[in-house]
Amino acid sequence: MSLLSESSNILPSWLETHRLDDAGNIHAYNTISPQLRAALKNGIAFCHTFYGEHPDSHEIRLSNSRLGFWQYTKHTPAPFVCIAFTPQYTAAARLMAAIMPALLVGVPSCVALCVDGLPSDPCRLSLELTGVENSFSLSLQDAQKLRTELSIASATAGRLILLHQGELSGLREVAQHLTITTYEETASSRILATLQNIREEFLRFAQRADNHVH
């Protein structure tokens, strides 16, 4: 399989034709209000301030010449993280929260996939502000193909994060077949808009649409 660059980027060459264009991200940035942009920027800064750490690896060597054994263990960041979401997904803050752990620990390849369409403007903003360059729009079939190829190309399986309401169950099934560690979004704490006088725009930006309560 032909690759785009060095081993730190294990993306297949066919994926390049599905890359999201910068013009869409610029449009999203200019469309979304300064208050919401500032909220995301503050969240990213908070993560770096309180949870940021230098990319690191740990090696443990144990040996016993009398008993005749040795053991070697190496802990490193996952080779890649694949974050998949749908065009209907608008919770920019939750997408940012899914991306940041991989960036903070130095995962070499962080891949964002919008499955079966183009991402919403809030999600484009999250991708732009977090600096995720490898962002693509794929069909579900191509997303499953990519997930399989990434696992084969890497020495060890990476991680899959699904932000959906059941639409991406096919990706989960592929991951389970390949014994890939998968994380899925669970329902967040519901925010009562009428009680807390929170604008609908902020609710959509902060959490999934099915968690809105009026």
Which number in (1) free of Cβ contacts under 8 Å to residues at least 60 places away in the same chain; (2) under 24 Å from ARG159 (Cβ atoms) marks the one condition that ARG94 misses? (1)
Return only the number of the condition from (1) among the acidic types (Asp, Glu); (2) touching a Pro at 6+ places or on another chain (Cβ under 8 Å); (3) more than 19 Å from ASP21 (Cα to Cα) that ASP116 does not satisfy. (3)
Criterion (aliphatic (A, V, I, L, M) and over 23 Å from ALA39 (Cβ atoms)) met by exactly one of LEU162, LEU103: LEU162
Restricting to strands (runs of 3 or more DSSP E) lying wholly in the stretch 75-185: which have 3 or more residues that are touching a helix residue (DSSP H, G or I) at 6+ places or on another chain (Cβ under 8 Å) and under 25 Å from TRP14 (Cβ atoms)? 80-85, 109-115, 134-138, 159-163
Selection over the stretch 1-60 where residues are assigned to a loop (DSSP other than H, G, I, E, B) and either at pLDDT 90 or above or of a type in the set (Gly, Ala, Ser) (or both) yields a count of 10
Somewhere in the stretch 111-118, is a residue charged (D, E, K, R) and at positive phi? yes
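The values are calculated or read from the model by the stated rules, or taken from the named source; none is laboratory data. Nothing here was measured: the structure is a model prediction, and the numbers come from that model. When we count neighbours, we look across all protein chains shown, and the Cβ atoms used for this are built from the backbone with ideal geometry, even at glycine.
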